[in-house]
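A short write-up of the structure that comes next.
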């Protein structure tokens, strides 16, 4: 559905304006509503005043590294019996765990509910496990989480934490056509889940402006296959090139705001081309606090323990267990279809006067409550960067390298025009 | 005393219409469910979604649906559909379509089809309980 169709009155008003037939004030308001994607519409061009981010090496206060748990066919939401225990899987969300958390929880809890349990167990307390536990409680179930770590010490807390629901979520061939529908269902539900958390104390979920900077006109990224690369993922379970990854964002175009090219007069950055878009992200400390608070207020129990064999699920007193163990499922459930894609982030001192995100060359910076998160994502490698790499120790060198690239950008920023 | 009478009356009612058949035993036919799918596509999918997946606001007719309706009778579900659905025009489902929809809903929630169609007789529907799924049947 195109956005214009949502506002038939506005289209009518615009036509009347073209005929010179409507009151100016009303038309101004309505046409601003539909024409919002053109930055130059409305008042005179104005360069937004943005505070430069401090990107000197001394500002780097933390490094985090984590492994995205990718499955070629997409997340495992299947079921299996361990003795008389029903296990519903909910793991393997690649780089989309945060983004799909509410929708994926809904699917897993729905399956658990079909045997009418009064209590269930959730194994794992990353973003998938904890969200699943809360969703199950909201459906009326008594929930015990069994986990070796609480969310703050899990891989979820070492993620980037922005709304990227199709980031390394599956490879298109093994996922098949059907996964797109399920992905869309989970994504739309998650979107509503995040919407319900906007504006809560501590800003667990935030929208902010994101700027993509370039020296040459930006070009739409294509994912064409390189004919020189023979074969595909089947051989070793790993994708061999960028074109094998699945992309579904076109399915939710109606939700996600469009990017806008800034006219020179409105461009605060010392580069020729700046595109502004809106991004949504998650502030881990506050988000975790909200979910844990709800979990405990609803009477949830947390039992600290580790598992090393699936048979142990059958020994739990709960006869329905949702398995939300992320990358750990590769070993625990001997699921060798899970492959690692390494990612790492550097964290700069939080700067609340600079609430925006920025991408330039391989550098990506995003201001969050708990710091400005820096990534070095080589553009040429796309989704292939980190594939097969399970080294989970951080390496500051690539982060410092992109901070150096961004330093002159920050030094050259312009104030109000 | 009044309480005892009530219990006795309840026992007599149960004896008259024994709740002994559950949906685990195959209480509808595939043909009925297929007809129900067509009714669903026309009358229900616009709100509940093509796959009955629901939205944040509209209930899914799978998953939590079972928690809401499990252990109720098929008659209760059928009556509800007849009374309250579709929400924009309640009471407009043809009785035959209503039965087909119930069959379709049972099917998409994992209850097996059987040789006999769902009865049209209300008392017979009252005798059919919506069973929880067997754990091994959850897909």
Helices (runs of 4 or more DSSP H) fully within the stretch B:40-139 counting 3 or more residues that are touching a helix residue (DSSP H, G or I) at 6+ places or on another chain (Cβ under 7 Å): B:64-69, B:74-84, B:95-108, B:122-126
Verdict on residue A:134 being under 25 Å from residue A:175 (Cα atoms) and in a helix (DSSP H, G or I): no
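Counting only residues that are part of a loop (DSSP other than H, G, I, E, B) and in contact with a helix residue (DSSP H, G or I) (Cβ under 6 Å, 6 or more places away or on another chain), which one in the stretch A:204-223 is farthest from the other protein chains (Cβ to nearest Cβ)? Walk me through it before giving the result.
From the stretch A:204-223, those part of a loop (DSSP other than H, G, I, E, B) are A:204, A:215-223; that's our starting set.
Subsequent filtering for residues that are in contact with a helix residue (DSSP H, G or I) (Cβ under 6 Å, 6 or more places away or on another chain) retains A:204, A:223.
Working: A:204: 17, A:223: 27 Å.
Step by step, filter the stretch A:204-223, then rank; the result is A:223.
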Leading residue by the ranking (nearest to residue A:194 (Cα to Cα)) among those in the stretch B:52-66 that are surrounded by fewer than 21 Cβ atoms within 10 Å (Cβ to Cβ) and free of Cβ contacts under 8 Å to residues at least 12 places away in the same chain: B:56
For residue A:254: the one exception among (1) over 30 Å from residue B:139 (Cβ atoms); (2) away from chain B (no Cβ under 14 Å): (2)
Residue count, the stretch B:47-64 (criterion: within 15 Å of residue A:114 (Cα to Cα) and within 8 Å of chain A (Cβ to nearest Cβ)): 5
Enumeration of residues in the stretch B:113-139 that are more than 12 Å from every other protein chain (Cβ to nearest Cβ) and farther than 19 Å from residue B:68 by Cα: B:113, B:114, B:115, B:116, B:117, B:118, B:119, B:120, B:121, B:122, B:123, B:124
Residue among A:152, A:185 that is in a helix (DSSP H, G or I), more than 16 Å from the chain's Cα centre (by Cα) and under 30 Å from residue A:296 (Cα atoms): A:152
Scope the stretch A:108-130; condition within 14 Å of chain B (Cβ to nearest Cβ) and buried (at least 24 other Cβ atoms within 10 Å of the Cβ); matching residues: A:108, A:109, A:110, A:111, A:112, A:113, A:114, A:120, A:121
Qualifying residue in the stretch A:164-173 (condition: surrounded by fewer than 24 Cβ atoms within 10 Å (Cβ to Cβ) and within 14 Å of chain B (Cβ to nearest Cβ)): no
Filtered residue count, the stretch A:317-326, keeping only those that are more than 14 Å from every other protein chain (Cβ to nearest Cβ) and crowded, with 23+ Cβ neighbours inside 10 Å: 3
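Select, from A:40, A:96, A:31, the only residue that is at pLDDT below 95, touching a helix residue (DSSP H, G or I) at 6+ places or on another chain (Cβ under 9 Å), assigned to a helix (DSSP H, G or I) and more than 14 Å from every other protein chain (Cβ to nearest Cβ).
A:31
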Selected residue [over 22 Å from residue A:345 (Cα atoms) and under 13 Å from the mean Cα position of the chain (by Cα)] from A:98, A:102: A:102
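Could you say whether any residue in the stretch A:388-397 is in a helix (DSSP H, G or I), surrounded by fewer than 18 Cβ atoms within 10 Å (Cβ to Cβ), on the phi < 0 side of the Ramachandran plot and in contact with a strand residue (DSSP E or B) (Cβ under 8 Å, 6 or more places away or on another chain)?
Kept after step one, since they are in a helix (DSSP H, G or I), are these residues of the stretch A:388-397: A:396-397.
With surrounded by fewer than 18 Cβ atoms within 10 Å (Cβ to Cβ) added as a condition, the list becomes A:396-397.
Adding the requirement that they be on the phi < 0 side of the Ramachandran plot leaves A:396-397.
Next, from what is left, pick out any that are in contact with a strand residue (DSSP E or B) (Cβ under 8 Å, 6 or more places away or on another chain): A:396.
Yes, the stretch A:388-397 contains at least one residue that is in a helix (DSSP H, G or I), surrounded by fewer than 18 Cβ atoms within 10 Å (Cβ to Cβ), on the phi < 0 side of the Ramachandran plot and in contact with a strand residue (DSSP E or B) (Cβ under 8 Å, 6 or more places away or on another chain).
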The stretch A:346-358 residues that are loosely packed, with under 13 Cβ neighbours inside 10 Å, paired with ones that are assigned to a loop (DSSP other than H, G, I, E, B) (beta carbon under 9 Å, 6 or more apart): A:352/A:369; A:353/A:51
Condition broken by residue A:135, with the remaining ones in (1) in contact (Cβ under 8 Å) with a residue 60 or more places away in the chain; (2) buried (at least 23 other Cβ atoms within 10 Å of the Cβ) satisfied: (1)
Subset tally (residues that are in a helix (DSSP H, G or I), in contact (Cβ under 8 Å) with a residue 40 or more places away in the chain and over 21 Å from residue A:208 (Cβ atoms)) for the stretch A:235-281: 4
Residue in the stretch A:66-74 that is within 14 Å of chain B (Cβ to nearest Cβ), touching a strand residue (DSSP E or B) at 6+ places or on another chain (Cβ under 6 Å) and in contact (Cβ under 8 Å) with a residue 24 or more places away in the chain present: no
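I'd like to verify a number: residues in the stretch A:299-316 that are more than 15 Å from residue B:135 (Cβ to Cβ) and touching a strand residue (DSSP E or B) at 6+ places or on another chain (Cβ under 8 Å), how many?
Going through the stretch A:299-316 one residue at a time, the tally reaches 10.
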Yes/no for residue B:72 being out of contact with any strand residue (DSSP E or B) (no Cβ under 6 Å at 6 or more places or on another chain) and farther than 26 Å from residue A:189 by Cβ: no
Every residue from the stretch B:18-46 that is within 14 Å of another protein chain (Cβ to nearest Cβ) and over 19 Å from residue B:99 (Cα atoms): B:46
Residue within the stretch A:134-141 that is over 15 Å from residue A:77 (Cβ atoms) and either more than 10 Å from chain B (Cβ to nearest Cβ) or modelled with pLDDT under 95 (or both) present: yes
Failed condition for residue A:287, given (1) surrounded by fewer than 16 Cβ atoms within 10 Å (Cβ to Cβ); (2) touching a residue at least 60 places away in the same chain (Cβ under 8 Å); (3) not in a strand (DSSP E or B): (1)
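The values are calculated or read from the model by the stated rules, or taken from the named source; none is laboratory data. Here the structure is a predicted model, which means the values were calculated and not measured. Glycine also receives a Cβ, built like all others from the backbone with ideal geometry; neighbour counts cover every protein chain displayed.
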